[in-house]
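Take a look at the structure below.
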Amino acid sequence: MDVATMKAIAVEGGRGGPEALRVVEIPRPAPAAGQILIAVRGAGVNRPDLLQRQGFYPPPPGAPATLGLEVAGEVVEGAGRWRRGDLVCALLPGGGYAQYAVCDARHALPIPAGLDASEAAGLPETAFTVWANVFEHGALTAGETFMVHGATSGIGVMAIQMAKAAGARVIATARGAAKARMALRLGADVAIDAEKDDFEAVARDQGGVDVILDMVGGSYFARNIEALRTGGRLVWIAALGGGTVELPILKVMQKRLVLTGSTLRPRGADEKARLAEEVERVVWPWIEAGKVAPVTDRTFPLERAGEAHLHLEAGSHVGKVILAVD
């Protein structure tokens, strides 16, 4: 392979199922001013990748068409504080499913001590998302009670650990007894099997919750409202169970609730740089102290990206799915 080209994953036909993911050879990206070039060793697989593959989540203007929102590897061409040979993990607008990726130098963080590139590849998307939504939009503080749905997803696993590191009490919901037990092992104080138990009733028995991180929406909405204490905050990061709900305005007023949500990818470069600074300042010390650790469910070679998507779609994973890149 010519040094000016690289292997990457493309979606054959522009959209399709996991079988549409194919290895192709494309030009190696050249970093613009303020960007770094990374030799990718690991790339995280995330639900937005599945949506983009299906044609529902196009990359923002100027972003690579190649899938992949987070990577870890070695700096080949430096900028800002980074020099050739530095080991970094980085948040990307796209382009991670490839041997090389470029990113704004401000969106890269050092790989925490004790982690390899495969483990670190699963950190940026989850750590940035949880920090922005739980701690900034949700304003979670020590001593409060936090509930997370989808507790064994990549986001859920990170949310449990970060909330505990911050001194919060954690109630986690997951589908199935095995996943509920895993949530307890990850640090949750209370774990609910959402297939057989009513999380609203359990939450109310526990005195209610202050912040809920929800990726379900739909039928969970009314129960979330009831589970929240006065002054509670409900934060959405997805709506896998339905994106349209009926809002009980009087209940929101009476309980003084805050309903909010966000996405990460469309945020501007300066905003992502600000988040990176906060994550490195607060979350990286938690990782290096052993309070927060990446959890990898399975690792697939880059060439088997389609299998990785199938595995994520099946929903049986606990933690992150990673692509290993040679």
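The values are calculated or read from the model by the stated rules, or taken from the named source; none is laboratory data. Keep in mind that what you see is a predicted model, and the values were worked out from it rather than measured. A quick note on method: Cβ atoms are made from the backbone with ideal geometry, for glycine too, and the neighbour counts reach across all protein chains shown. Note: areas computed on protein heavy atoms with side chains; ligands, DNA, RNA excluded. Shrake-Rupley method; radii C 1.70, N 1.55, O 1.52, S 1.80 Å.
Structure notes:
- Residues considered: Ala308, Ala273. Of these, the only one that is small (Gly, Ala, Ser), open to solvent by less than 50 Å² (accessible area, probe 1.4 Å), more than 17 Å from Gly96 (Cβ to Cβ) and assigned to a helix (DSSP H, G or I) is Ala273.
- Selected residue (only one of Gly319, Gly290, Gly306 is at positive phi and in contact with a Pro (Cβ under 8 Å, 6 or more places away or on another chain)): Gly319
- For the criterion of being of a type in the set (Lys, Arg), in contact (Cβ under 8 Å) with a residue 12 or more places away in the chain and open to solvent by 70 Å² or more (accessible area, probe 1.4 Å), Arg298 passes.
- Residue list for the range 244-282, filter: hydrophobic (A, V, I, L, M, F, W, C) and out of contact with any strand residue (DSSP E or B) (no Cβ under 9 Å at 6 or more places or on another chain): Val245, Ile249, Leu250, Met253, Val282
- Of the strands (runs of 3 or more DSSP E) that lie entirely inside the range 1-118, those containing 3 or more residues that are farther than 19 Å from Val321 by Cβ, open to solvent by less than 10 Å² (accessible area, probe 1.4 Å) and modelled with pLDDT of 95 or more span 35-45.
- The requirement of being small (Gly, Ala, Ser) and within 12 Å of the chain's Cα centre (by Cα) is fulfilled somewhere in the range 124-135, by at least one residue.
- Residue identified as within 25 Å of Cys89 (Cα to Cα) and among the polar types (S, T, N, Q) among Ser219, Ser262: Ser262
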